[in-house]
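*Asks:* First, the structure itself, so that you have it in front of you.
Nothing in this text is a laboratory measurement; each read-out follows from the coordinates by a stated rule. As the structure is a prediction and not an experimental result, all values here were calculated from the model. Glycine also receives a Cβ, built like all others from the backbone with ideal geometry; neighbour counts cover every protein chain displayed.
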Amino acid sequence: TIKIDKVAGKSGIAIMGGTFDPIHNGHLRTAVEVLERYQYSELRLIPCFQPVHKGRPGVTPQQRLDMVRLAISSHKNLKVDCREIKREGPSYSIDTLRDIRADIGPDEPLIMVLGMDSFLYLSTWHDWQSLIEYAHILVVSRPGWEPDLISELSAFCENYRAFSSHELQCAPSGRVWFETLTPLDISSSMIRALVHKHESIAYLLPEPVQRYIEQHQLYR
Ligand code: ATP
Ligand code: MG
């Protein structure tokens, strides 16, 4: 059974992992909308050290981290969590969730935010069936990605789907929920490609991040 007793006040920690190569307004708008809708106390962006399912990023972990910091510096409830970068090696989400759960204790709601594109591949992640023991999974819409779930994943969703989004604010873990957000068809790959072609990336990502890319001549 699920406890629904924490109504007053903000509770819950949302986390959003990614390569952030570079961070852009699709990530940031997702983070802000999740925070506002769910009234979680904070949302932590967690840049990976080494992505497990894609090639090596073109810039260093430190540079990706710098850009995340620049992007969120003026937003009070957006935080950056460096544990994957400090841990080094391949960044498995299950290790990160276990770690955070140990930090925050058993009762605090923990919500892992995933874009639909990432969620569709969840069953290829290391120890994926255990993720839900440590956190809720909040799947957010992403332009171009429909919820065409393979049978393994749809069975998973049937098993763990929340009755209402409220459960993600009350229970500590164990529920899956889908949310439609403002569609922003922006990706890091698109930004890297634009820089490579010497085309403008203005308004796709925060200005300080754009300046950082220019100053350090990233993605040329
Ligand atoms: P790349 O193009 O290099 O794959 P990306 O734009 O997909 O980069 P990631 O760092 O891989 O960015 O994404 C981190 C998380 O943010 C993932 O869960 C992803 O689904 C989500 N996400 C990224 N961009 C958007 C977007 N525009 N709308 C909604 N979710 C997004
Ligand atoms: Mg991606």
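*Asks:* Based on the alpha-carbon set only, what is the convex hull volume of region 108-164 divided per residue, in Å³?
*Replies:* Spelled out: Cα convex hull of region 108-164, divided by residues, is 90 Å³.
*Asks:* Over all distinct alpha-carbon pairs, what is the Kirkwood Rh of the chain in angstrom?
*Replies:* About 17.9 Å, per the Kirkwood formula over Cα pairs.
*Asks:* Something else about it: Once you order the gyration tensor axes a ≥ b ≥ c over the Cα atoms, which shape class does region 1-131 get: rounded for a/c under 1.5, otherwise prolate or oblate by comparing a/b with b/c?
*Replies:* oblate
*Asks:* Another question about this same structure. Mind listing the long-range amide H neighbours of residue 17? Cut-off is under 5 Å, sequence gap 5 or more, other chains count too, H placed in the peptide plane at 1.01 Å from N.
*Replies:* Amide H neighbours of residue 17: 46, 113.
*Asks:* Can you work out the Karplus-derived ³J(HN,Hα) for every residue in region 113-119? Use 6.51 cos²θ - 1.76 cosθ + 1.60 with θ = phi - 60°, whole Hz, and x for glycine or proline.
*Replies:* With the stated coefficients, region 113-119 comes to 8, 10, x, 3, 4, 6, 4 Hz.
*Asks:* Report for region 7-152 the percent antiparallel among DSSP-assigned beta bridges with both residues inside it, nearest 5.
*Replies:* Among the beta bridges of region 7-152, antiparallel pairing accounts for roughly 5 percent.
*Asks:* How tilted is helix 61-72 with respect to the longest principal axis of the chain? Cα atoms for both, answer in degrees (0 to 90, nearest 10).
*Replies:* Value to nearest ten degrees: 80.
*Asks:* Further question on the same structure: Quickly estimate the mean residue ellipticity at 222 nm for the chain, helices only: each DSSP H run with n ≥ 4 gives -39500 (n - 2.57), and the total goes over all residues, rounded to 500.
*Replies:* About -10500 deg cm²/dmol.
*Asks:* Something else now. With +1 on the Cβ of every Lys and Arg and -1 on the Cβ of every Asp and Glu, and nothing else charged, how large is the dipole of the chain about its Cα centre, in debye rounded to the nearest 20?
*Replies:* Taking the Cα centre of the chain as origin, the dipole is about 560 debye.
*Asks:* Could you list which residues have their amide H under 5 Å from that of residue 42, counting only those 5 or more apart in sequence or on another chain, with H placed in the peptide plane?
*Replies:* 14
*Asks:* What are the ³J(HN,Hα) values, in whole Hz, obtained from phi via the Karplus relation 6.51 cos²θ - 1.76 cosθ + 1.60 with θ = phi - 60°, for each residue of region 152-159 in sequence order, with x given for Gly and Pro?
*Replies:* Result, rounded to whole Hz: 4, 6, 5, 5, 4, 5, 4, 5.
*Asks:* What order do you get for 10, 76 when you list them from fewest to most C-beta neighbours inside 10 Å?
*Replies:* The most exposed by this proxy come first: 76, 10.
*Asks:* Now for a separate question. When you count, for each residue, the other Cβ atoms within 10 Å and take the mean per peptide, how do 210-217, 189-196, 67-74 rank with the highest first?
*Replies:* 67-74, 189-196, 210-217
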